[in-house]
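A.B. asks: Have a look at this one.
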Amino acid sequence: MANSPRNLPNILITGTPGVGKSTVCQKLAEITDMVWVDVGKLAKDKGCLESYDEEYQCSVLDEDKVLDEMEDMMDEGGKIVDYHGCDFFPERWFDAIFVLRTDNTVLYDRLAIRGYSTKKLEENIQSEIFQVILEEAKESYEPEIVHELQNNTSEELEKNITDIKNWIEAWKNK
Ligand code: DAT
């Protein structure tokens, strides 16, 4: 892209827990020259966790520390960032945002297998129904770089991976 300082794009794969972010990122990292950055794992490995929220059973990130840890790698380009949120990253980091979506009954089954508490399960289902992360993405980035992808079935998974791979190739050929 002419106005980007990077040779490879950075993309964000986001969405409610259970929509398939890590599945998509892992596959994309295998078939492209892009590197998967799991922000939750990075925060844990690099000591960027602020606290543990007992009510929601999840770790709270020290966002400033996470951003510091990620700055250099994002400057390099070629990163597939995986996180269930998107409003605290700098807008300039990303060339495209892909928001994965899953129907609530399908999502319920995927999360129930994880052993989530009823409260955590219901919070996540509600969040998906009210498309909280999609709205967050549209508010935080130019709407034209935000892509919504349905990810319920293995056929949709294959299509999403192909579509994102094609997007990456098209970016490189610009
Ligand atoms: P996330 O990283 O968003 O929390 P995940 O990649 O761990 O989600 O996926 C949750 C579960 O759903 C996991 O067992 C894999 C499965 N899955 C992901 N995408 C799917 C799809 N399109 N069709 C069927 N199962 C899918």
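A.B. asks: So how far apart, in nm, are the two label points at residue 46 and residue 106 if each is 7 Å from Cα heading toward Cβ?
C.D. replies: Computed distance between label sites residue 46 and residue 106 equals 3.3 nm.
A.B. asks: Need one word for the range 19-109: rounded, prolate or oblate. Basis is the Cα gyration tensor (sqrt eigenvalues a ≥ b ≥ c); a/c below 1.5 gives rounded, then a/b vs b/c decides.
C.D. replies: Note, shape of the range 19-109 comes out oblate.
A.B. asks: Shifting gears a bit: Would the range 42-174 count as rounded, prolate or oblate if I go by the C-alpha gyration tensor, calling it rounded below 1.5 in a/c and otherwise prolate when a/b exceeds b/c, oblate otherwise?
C.D. replies: Since a/c reaches 1.5 but b/c is at least a/b, the shape of the range 42-174 is classed as oblate.
A.B. asks: Separate question: Relative to the longest principal axis of the chain, what angle (0 to 90°, nearest 10) does the C-alpha long axis of helix 154-172 take?
C.D. replies: 30
A.B. asks: Shifting gears a bit: Using only Cα atoms and rounding to the nearest 10 degrees, what angle (0 to 90) does helix 21-31 make with the longest principal axis of the chain?
C.D. replies: 30
A.B. asks: Scanning the chain for GluC sites (Glu not before Pro) in DSSP loops with at most 16 other Cβ atoms within 10 Å, what's the longest stretch left with none?
C.D. replies: 56-174
A.B. asks: Under 11 Å from the Cβ of residue 68, count the other residues' Cβ atoms, weight Lys and Arg +1, Asp and Glu -1, and hand me the total.
C.D. replies: Local charge sum for residue 68: -4.
A.B. asks: In the range 11-165, how many lysine pairs have Cα atoms under 16 Å apart, counting only pairs 8 or more places apart or on different chains?
C.D. replies: Close lysine pairs under the 16 Å cut-off: 12.
A.B. asks: Quick one: angle between helix 104-113 and the longest Cα principal axis of the chain, in degrees between 0 and 90, rounded to 10, please.
C.D. replies: Roughly 70 degrees, rounded to the nearest 10.
A.B. asks: Another one. Count charges around residue 135 for me, please; just the other residues with Cβ under 14 Å from its Cβ, Lys/Arg as +1, Asp/Glu as -1.
C.D. replies: -3
A.B. asks: Net charge within 11 Å of residue 20 by Cβ-Cβ distance, Lys/Arg positive one each and Asp/Glu negative one each, not counting residue 20 itself?
C.D. replies: Here the count lands on +2.
A.B. asks: Just the accessible area per residue of the chain, please: how many Å² with a 1.4 Å probe?
C.D. replies: 53
A.B. asks: Which one, 58, 26, 86, projects farthest toward the positive side of the charge dipole computed for the chain from Cβ point charges (K/R +1, D/E -1)?
C.D. replies: Towards the positive end, the residue furthest out is 26.
A.B. asks: Mind running the shape call on the range 116-173? Use the C-alpha gyration tensor, a ≥ b ≥ c as the square roots of the eigenvalues: rounded below 1.5 for a/c, prolate if a/b tops b/c, oblate otherwise.
C.D. replies: oblate
A.B. asks: Report, to the nearest whole %, how much of the accessible area of the range 11-165 belongs to carbon and sulfur atoms, 1.4 Å probe, protein only.
C.D. replies: The C+S portion of the solvent-accessible surface of the range 11-165 is 46 percent.
The values are calculated or read from the model by the stated rules, or taken from the named source; none is laboratory data. Note that the structure is a prediction, hence the values are computed from the model and not measured. Neighbour counts are summed over all protein chains in view; Cβ atoms, including those assigned to glycine, are modelled from backbone coordinates with ideal geometry. We work out accessible area using only protein heavy atoms, side chains counted, and drop any ligands, DNA or RNA first. Shrake-Rupley method; radii C 1.70, N 1.55, O 1.52, S 1.80 Å.
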